[in-house]
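Here is the structure we will look at.
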Amino acid sequence: MTSAPGLHQPPTRRRVLPAGESGSLWAARPSCGIFAFRGTRLQVMVEDPLEVLFPTDCGLSLLSALDGPGTPMLEGVNALDIGSGSGLYSIALLAAGAERVTALDVNPASATQTAANVAANGLDGARLTCVTSPLEEYVPDERFDLVITNPPHLPYDPSYARGDGLETALVARRGGRAVYDTVVDRVDGLLAPGGSLLMAHSSLADVPRTVTELTSRGYESETLAVFEMDIPLLAYAEHRETLQTRLKELRAEGRAEFDGSRFTVHALWFRRPSGSARC
């Protein structure tokens, strides 16, 4: 757990999710997952799980960490959901009172699924804007009060390249850090002074590096919670050995932390100083 000088850090909560579905953070997860966030019962549906990933516990863990005292205020914020996928975070933010949410994803199917899920939850679609674009090319009209993201975190290998929505959601180049690095590089231009970056950060993708890079630029850092769970290998069962070999290589380089088939997800809260003018 790392923080900027002078920032008080409470003890980090750690939650161990048992192996298998019985330990899931979902209240129910058939074809339509059900979860509660800040007193509201919400649901997420995915029409084609090969085009848009059904949200995993990795992504849901950040919402679980935000569902309690001492967490960021969401009412009235203008938020950017990076890698929105099925719209899990967009739904939660709108239900919690966000004024506006921009759902950004490189996958065109994400926009359709996110809008459908917002409507299915009875939320105001006029407060949602869906944008299909790589993060590197996205040029917003304004800066946001809040940026939230759960980047892909599995390392790329040509042997299991799929070129579909599942790969977009789970696999990234640069040892699984490609989207993390882009978020870190671009966050100053996306986040308003005094704003917050919320991130579900996998231990497979070098948590200390992200924390060090942002705190060195003056961001306050807080770990809201740490969740232990299974590495999502089921979708890559045929290439399990190759994927595990790549992960072991990253661990040997000090760029990944895991134990057997278990890893951790860190719910991180970065706060940009109010007086920051960096761009």
Unit charges on C-beta of K, R, D, E only; dipole of segment 13-271, Debye: 540 debye
Potential extension, GLU257-THR40 segment - 0.36 nm per residue separation minus Cα distance: 74.7 nm
Which is the longest run of the chain containing none of the GluC sites (Glu not before Pro) found in DSSP loop states (not H, G, I, E, B) with at most 15 other C-beta atoms within 10 Å? 143-252
Out of ILE82, THR129, ALA65, whose Cα points farthest toward the positive end of the dipole of segment 13-271 (charges: +1 Lys, Arg; -1 Asp, Glu; placed on Cβ)? ALA65
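Throughout, read-outs are computed from the coordinates displayed, never taken from laboratory work. Bear in mind that the values here come from a model prediction, so they are computed numbers and not experimental data. A quick note on method: Cβ atoms are made from the backbone with ideal geometry, for glycine too, and the neighbour counts reach across all protein chains shown.
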